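So the structure is just underneath, and the comments pick up after that.
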Amino acid sequence: MSSSMGHGMGTMAPLWGGTNLDDLCRLAYGRVERGYMGARTRLIYSCAPSLVSPAATFRKGLLYPERGDGYGVGMEDTAIVGGVALSMLVDWHAVTGDASLAARARTVYEGLRGLVTAHGIPGFVARGLCEEDGRSICVLSSRDQVTHMVHGLWRYWRSPLSGASEREEIGRLLAAIATRMRTNCTPENDYDFLRADGSRDTRGIQRMWDCHPHEMGRLPMIYLAAWVSTGDSQWKALYDGFIDESLDSALQLADPDVSRKLRSLMPEYTLLQMQSCQELLLAEEPDAARRARIRQAMEAPAEMGAARAVALNGGNSRWLCGAGETLLAQLYVPGRPFSEAMVALLRKSLTEPPLPTASSCRIVHLAAAYWRWRRNALAQDAR
C-alpha cells in the first residue's frame, strides 16, 4: 500500500490506499454543512438543527445549568467548533486557493457573530443560540468558548477570505468582548466576566485571570486581538499590563513536576486552547524578546500533545475530537517538526473510521489538523 503522506509532497493531494485525503476532508466538511449547520443561526451544532433545544425550554431566553437545564441540546460548544472551523477554512484556502471557500467562511463567521450580538448582551460570547428563535442562550459561557471565538475571528480577520467590511466588523466584535473583560474581570469579581444575567459563575470556568498556567494567556490574548483589529491604544496598554505575568506562569509548564501535577486539569482540549491563544500572541506581539518567550511557552503543550496523540492512537470514538486537538497542539507551533509517527496518526484518525462518518466536532478538529499540516508542509517545501 503506497502513500504520498510524507513532508515533501509539493502541491499534490496526499493519497492513502487510493483515498485522496483532500477529497475525504472536503466530503466530511460538506456533511457538517448539510447535517449540523443551522439554517437560521449558521452555527455548527453537535446534533441535527431540528434536535436543538426549542425556544419553549428557555426561561425568558436563558437556560440555567444549576436548575437542571443543561447547556442546551446540541448548542454546548458552538463557539468552540465554529472558531476551529473558521481557522480550518483559512488553512484550507491557503493550501488550495479555492475561491468558493470565501462564501463558506463568511457563513461560519455569521454564526460566530451571532453568538456575540443576537442575544443583546454586549460582549458576551454565548455557547450557542436556539435554532428556533435565533437568540435564546445558556446563561453560562466559559473561557474555552471565548478563546476559540477570538482565535477564529482573528485568523479570519488576517486572511484574504475576509473583506474590508468583515474586518471592520470583527474589530467591533473584539472590542466589545474586550470591553466586557475590562469591565467585569476585576479582583472584586474574581476575574469572572459574568454570566449573561450579570451573576457570578460559581464553577470558575469564566475566570480569566489568577488561574492555572495554561489559562493565563487568555485575557492578554483578547486585549491584543482588540488592539490589532481596531488600532485603539487602550487595548495595547491593557495587554502590556498582563502579558509578562501570563508568560511567567505559562513557562512553568516546562517544569516536569508542575506539568505532572496539572495533568488532571489539562485534558486534550486545554492543550489546543493554550496553543490557539499563544499562536495569536506570537503572531501579533511586536517585541522580539517577548516573542521568544511565547514560542518557548508553546513547547510544553506541544510535547504533551505528542504524548497524548500516541496514547489515543488515532482515535477516541467517532464522536470526540481529542485526536485532532493533540495534533493541532503540535501543528500550531511554527517550525516545529511533525514526525512521521504523527503523520501516521493523522492518517489513521482521518480514515479509521472514515472522517465523513464522524460527529461535527471530530470532523472539524481533524479537518483543521489536516489542512494545517498541509499548509505547514507546503511552507516547508517552499523553503
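Stretching A102 away from N20 to a fully extended chain increases their span by 27.2 nm, per 0.36 nm per residue minus the current alpha-carbon distance. Where both bridge residues fall in the chain, DSSP classifies roughly 80% of the beta bridges as antiparallel.
Between V258 and D287, the simple label model (points 7 Å from Cα in the Cβ direction) yields a spacing of 1.8 nm. Each of M266, M221 has some number of other Cβ atoms within 10 Å of its Cβ, and from fewest to most they run M266, M221.
Each Lys and Arg adds +1 at its Cβ and each Asp and Glu adds -1 at its Cβ; summed about the Cα centre, the chain shows a dipole of about 620 debye. Ranked by the mean number of other Cβ atoms within 10 Å per residue, highest first, peptides 162-175, 118-131 order as 118-131, 162-175.
Within the stretch 361-383, find all residues whose amide N lies under 19 Å from a label point positioned 7 Å from the Cα of L27 along Cα-to-beta-carbon. Hits in the stretch 361-383 for L27 at 19 Å: 361-371. Backbone phi angles across the stretch 303-318, fed through the Karplus curve with coefficients 6.51, -1.76 and 1.60 (θ = phi - 60°), yield HN-Hα couplings of 5, 4, x, 4, 5, 5, 4, 5, 5, 6, 6, x, x, 6, 5, 6 Hz in residue order; Gly and Pro are listed as x. Between D210 and W319, the contour length at 0.36 nm per residue exceeds the alpha carbon distance by 36.0 nm.
Between K60 and A379, the C-beta separation translates, for a Förster distance of 41 Å, into a calculated FRET efficiency of about 0.25.
A short reminder: the numbers here are calculations on the coordinates, not readings from a lab. As the structure is a computational prediction, the values presented were derived from the model and not from experiment. Here the Cβ is made from the backbone with ideal geometry for all residues, glycine too, and neighbour counts use every protein chain on show.
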